[in-house]
Number of protein chains: 2
Amino acid sequence: MFRSHTCGELRTEHIGHEVTLAGWVHRRRDHGELIFLDLRDRYGITQVVFDSITAMAHKVAEESRSEYVLQIRGRVRARPAEAVNPHLGTGTIEVEALEAEVLNPSRTTPIYIAQEGGEDEMIRLKYRYLDLRRERMQRNLILRHRVIKFMRDFLDQEGFLEIETPILIKSTPEGARDYLVPSRVHPGKFYALPQSPQQLKQLLMVAGYDRYFQVARCFRDEDLRADRQPEFTQLDMEMSFVDQEDVIQLIERLFIELCRAVVPHKHVPTPFPRLTYAEALARYGSDKPDLRYGLELINLSDLLTATPFQVFQQALANSGEVKGLCIPGCGSYSRKQIDELTEFAKIGGARGLAWAIVPADGGEVRSSFGKNLGEGEMSAIVERMAAKPGDLLLIVADQPSVVAAALDRLRREFAQRLKLADPNTLNFSWVLDFPLVEWNEDEARWDAVHHPFTAPQDADMHLMATDPGKVRAKAYDLVLNGYEAGGGSIRIHRRDVQQQLFDLLGITPELAQAQFGHMLEAFEYGAPPHGGIAPGIDRIVMILADESTIREVMAFPKTQQAVDLMTAAPSPVDERQLKELHINLR
Amino acid sequence: MFRSHTCGELRTEHIGHEVTLAGWVHRRRDHGELIFLDLRDRYGITQVVFDSITAMAHKVAEESRSEYVLQIRGRVRARPAEAVNPHLGTGTIEVEALEAEVLNPSRTTPIYIAQEGGEDEMIRLKYRYLDLRRERMQRNLILRHRVIKFMRDFLDQEGFLEIETPILIKSTPEGARDYLVPSRVHPGKFYALPQSPQQLKQLLMVAGYDRYFQVARCFRDEDLRADRQPEFTQLDMEMSFVDQEDVIQLIERLFIELCRAVVPHKHVPTPFPRLTYAEALARYGSDKPDLRYGLELINLSDLLTATPFQVFQQALANSGEVKGLCIPGCGSYSRKQIDELTEFAKIGGARGLAWAIVPADGGEVRSSFGKNLGEGEMSAIVERMAAKPGDLLLIVADQPSVVAAALDRLRREFAQRLKLADPNTLNFSWVLDFPLVEWNEDEARWDAVHHPFTAPQDADMHLMATDPGKVRAKAYDLVLNGYEAGGGSIRIHRRDVQQQLFDLLGITPELAQAQFGHMLEAFEYGAPPHGGIAPGIDRIVMILADESTIREVMAFPKTQQAVDLMTAAPSPVDERQLKELHINLR
């Protein structure tokens, strides 16, 4: 038996007991005759005192250094009153060492475990097994375990079955780039790793499983912009005989109860607010707005129909719009600061940024464009934007998508600067009524916004032939604090509707047969109405853990270059292996 | 709302209620004025009666065929006494249809859902979404869900954390063949899919996670002899500060409680019997013996040290042995039947099979070798084998490994023929004290029996240099009804011992660095003593479900040729995809 108790277990009630502990040397304070070691394991820290009277044990303590693995037999005693540590579960006691053994020594670690370093993340990833010893990382992985355990328990209670689907599947040209796996047995053929189990979960509905879920590993070989990983985990779900409202209600209950269980100190507004896609873009410039704060986009277009200002005039003439943000209390921004904001907005695609300041002292509005405006237009703008003295107004005139992107960027930037978002609020919301298809300018055809199995809304079916861009889909996104937390839809379950959509997307019967033949065939044997959703677990845990990248909530993440720095993957392989797989390097 | 109740839910208490059901037409009986449809979903079957008085609904029933998806509004009523079906949960009631709608029609299905077919398995795999509608497959997948859920709940209660490890990892030359994934970002480099998360779980112990588990997908690109799949699922576990007994005790509790919960009608002998590897081979000829029955191998070597029979004599002279099985009640076997057994034993590697029959009528022993024996040898054999009148004795003389293989094969064959194994018993057992290394004749070197991180037993450390073949490992296999249900070991946690084993295995420091550098380095920063095990979930569920292949307990298995017949994977890919991955076909 290596230990009688963990390092987080001993309390006042154990005083006088003889115990055996095992763990890592967290900190060491050497006072000569007396040496104090903080012994650490996943469960906590216990202070162990080595007196030179117990010479053998004292010698072990003398030789020990940080991160040595020790086994200690000792007696629990009360700490002197002045040494009690109220921040530590074991803070009222200490262990007087009687015997000690070094189970394993440690070299000096390249990162310091007992305290957060400011070291480069590359070092943390290379020595991930050391980084993972840190309290923060352990807290994150324990939270992740609890979140996923809660999801499974909840869904099991609700009658869902977890069903494992294969990782080696057929490559489909849809969506992002597949990771491919050459077949050894079938020369020239390849498996793909799933971007999601989308088709398989729909086939499970055809098979009558009614309520399916899986904590599913998914793979996308994308350029790792932003905070992406080559593999990620989603709570993949699908239900039969449901409509959109059934899925929404279930997910809402799941996340409300989950947050209550694992992050009870966080505030979750309920019911989750709902926005249409059109409304989200109009009010926030984003289909995943952070609703923890206002700072809404204000439409000024109708005030400026007759403006002499060419920039506004031209935008409106080209079916564009003029919209702005009223930034409270930033009227003291310098010209240099505003120039920086303009550059920032330009990264978002805007050609420029019009600005106006309502002076705090009640003086006249200063602006970049006032002199070009017509009579009364500036006061109409100030009134519409409910600008108060000391506010900064930022205005973009362009195509709606450009205006939305630029102002969304500015809105999020100012939420950070002004600390508008309460870090202890989890604002879940729904974005509904996504368009079914969007026009692809480059290829001059309609593309599916969600995927080609998403059902159109019944009320819009008559527009499929005449005005497909106006057809809304039975698609819904779960948004959390400005992140997409999961997307889902009701699927097409009738072949005639599926055919209609394929026709619209320019997918010929031959192509459909080649790519989705098994799906189309399955749908001819009694497919039930069904739909689902797939919340992204990495991102949700990241937000619950107050972290800013998903790498902090994954045990062994890869870099932005898709490299595992710890094991040095990917790596070259033997010629023999390539030969077996019937491939050559180019 | 698509339904008010499932098809398995209605009982006598619902009589008089108006309900809405949705499901598949399971069976249809058309009596003209009256049509009876059995409506099916995952939860059960409900009989729905369509009377021609409700003309619209009756018309839907008339048009419906097997596997149509229907929605029905109706009234629950008692069945006439003579129509009550005690085998059906809903057998006391039926639903009188008031309205009906075809949600989706179905073509005639290529396999019949309502009854087990005798159709070719290839058809079942091609139309897996139909095969999975069958009650047996639904029962199997529900059992699988419950088994895995139980494991997770149990381990969570025991303080284990489930931690996800990556699927895209570094290729290692150890063990079976890796599936490889070409990197797009790093030309000429490859990821591998994990054969198991072995290294990563050990690194999690180095990281202090103390108790880890994962329901882990594993991949082996092997020739799919026997009942293997390219991907399979194991309950991957690892614990720190434990010895072999801790792992065994925990696993034993897990499986006892699991079986009690999910297969309460099965008998589980406890505590699990334990055999050493040497004992298992000696008594059963196998390191995974089925202990539900005896039929042990009986060693005759010591009786025959002076035999004149050349076959026995030569085997014993070449450090071989003579062992046999006493098959009860098979003394009536014909010469032809015995010849077939000889051929059967030869497949197992034996050069021949000696046989003897103790006649049921008490006459003299007949045998293939009696005339060659010395005085009293036959009676000594009969006595040693405790043969009774009517028994058949089968004897093999050869090298121990050949004797074991041949008699194991015969033992299992006769267990089947004589139905010796109780199908309602789950006989878990432990095989312990595996050798650490075995001599590889072909390559003239020592190979690790388990893997190169397995710890030698402390008592045998002194043999490492002098007689390595005698060193026993801290390795243990969980065996269930003659299948290996999981293998595990205590790992080496000290670099000096690891070095000693690498030296023995002929792994040079350079090679060790290239292959396991990150592991060796990690072990220098305070690795705790640790060990684990990895029960195979597919096989265990197969046995609990009384199935004979793991394909029956996987939703979407592949064929022996590693093909997914449903989606036709693997498949050719675009030249563009190959180019992006920097590979050519050979």
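The values are calculated or read from the model by the stated rules, or taken from the named source; none is laboratory data. Everything numeric here is computed off the predicted structure, so don't read it as measured data. Counting neighbours? That spans all protein chains shown, and the Cβs are built from the backbone with ideal geometry, glycine included.
Assorted remarks:
- Only a single criterion out of (1) under 19 Å from B:Val322 (Cα atoms); (2) out of contact with any strand residue (DSSP E or B) (no Cβ under 8 Å at 6 or more places or on another chain) is not satisfied by B:Gly390, namely (1).
- Conditions (1) away from every other protein chain (no Cβ under 13 Å); (2) within 26 Å of A:Thr20 (Cα to Cα); (3) not aliphatic (A, V, I, L, M): number failed by A:Arg139: (1)
- Condition check for A:Arg220: in contact with a Leu (Cβ under 6 Å, 6 or more places away or on another chain) and closer than 30 Å to B:Leu224 by Cα: no
- Scanning segment A:182-200 for residues that are assigned to a strand (DSSP E or B) and in contact (Cβ under 8 Å) with a residue 60 or more places away in the chain gives a single hit, A:Pro182.
- The residues in segment B:549-560 that are within 14 Å of chain A (Cβ to nearest Cβ) and assigned to a loop (DSSP other than H, G, I, E, B) can be counted, and the count is 7.
- For segment B:319-359, a residue qualifies if it is polar (S, T, N, Q) and more than 32 Å from the chain's Cα centre (by Cα), and the qualifying residues are B:Ser319, B:Ser332, B:Ser334.
- On inspection, A:Leu70 does not qualify as of a type outside the set (Ser, Thr, Tyr), under 35 Å from the mean Cα position of the chain (by Cα) and at pLDDT 95 or above.
- Residue ranges of strands (runs of 3 or more DSSP E) in segment B:201-281 with at least 2 members within 14 Å of chain A (Cβ to nearest Cβ): B:211-219, B:231-240
- Verdict on B:Tyr476 being buried (at least 22 other Cβ atoms within 10 Å of the Cβ), in contact with a Leu (Cβ under 9 Å, 6 or more places away or on another chain), aromatic (Phe, Trp, Tyr) and more than 25 Å from A:Ala568 (Cα to Cα): yes
- Within segment A:151-164, the set of residues being more than 8 Å from chain B (Cβ to nearest Cβ) and either modelled with pLDDT under 95 or surrounded by 18 or more Cβ atoms within 10 Å (Cβ to Cβ) (or both) comprises A:Met151, A:Phe154, A:Leu155, A:Phe160.
- Checklist (1) outside any loop (DSSP other than H, G, I, E, B); (2) closer than 26 Å to A:Lys419 by Cβ; (3) not hydroxyl-bearing (Ser, Thr, Tyr) applied to A:Val311, failing item: (2)
- Criterion violated by B:Gln577 - all others in (1) in contact with an Asp or Glu (Cβ under 8 Å, 6 or more places away or on another chain); (2) at the interface with chain A (Cβ under 7 Å from one of its Cβ atoms); (3) touching a residue at least 24 places away in the same chain (Cβ under 8 Å) satisfied: (3)
- Taking first residues from segment A:543-561 that are touching a residue at least 60 places away in the same chain (Cβ under 8 Å) and partners that are part of a loop (DSSP other than H, G, I, E, B) and β-branched (Val, Ile, Thr), the Cβ contacts under 7 Å between residues at least 6 apart in sequence or on separate chains come to A:Leu544/A:Val263; A:Ala555/B:Ile163; A:Ala555/B:Thr165; A:Phe556/B:Thr165; A:Gln561/B:Val185.
- Residue that is nearest to A:Val541 (Cα to Cα), among those in segment A:165-184 that are of a type outside the set (Phe, Trp, Tyr), within 23 Å of the chain's Cα centre (by Cα) and within 8 Å of another protein chain (Cβ to nearest Cβ): A:Ile167
- Listed by position, the strands (runs of 3 or more DSSP E) inside segment B:25-81 whose residues that are within 25 Å of B:Met137 (Cβ to Cβ) and within 13 Å of chain A (Cβ to nearest Cβ) number at least 3 are B:34-41, B:69-78.
- Checking A:Arg133 against (1) of a type outside the set (A, V, I, L, M, F, W, C); (2) more than 7 Å from chain B (Cβ to nearest Cβ); (3) surrounded by 21 or more Cβ atoms within 10 Å (Cβ to Cβ), the condition it does not meet: (2)
- Residues in segment A:185-200 that are more than 7 Å from chain B (Cβ to nearest Cβ) and of a type in the set (Ser, Thr, Tyr): A:Ser196 alone.
For (1) modelled with pLDDT under 95; (2) over 21 Å from A:Phe309 (Cβ atoms), each residue gets a yes or a no:
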residue: A:Ala350; (1), (2): yes, no
residue: A:Gly362; (1), (2): yes, yes
residue: A:Lys371; (1), (2): yes, no
residue: A:Met378; (1), (2): no, no
residue: A:Gly390; (1), (2): no, yes
residue: A:Val396; (1), (2): no, no
residue: A:Asp422; (1), (2): no, yes
residue: A:Val431; (1), (2): no, yes
residue: A:Phe453; (1), (2): yes, yes
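- Highlighted here would be helices (runs of 4 or more DSSP H) found entirely within segment B:87-163 that include at least 1 residues which are touching a Pro at 6+ places or on another chain (Cβ under 6 Å), but there are none.
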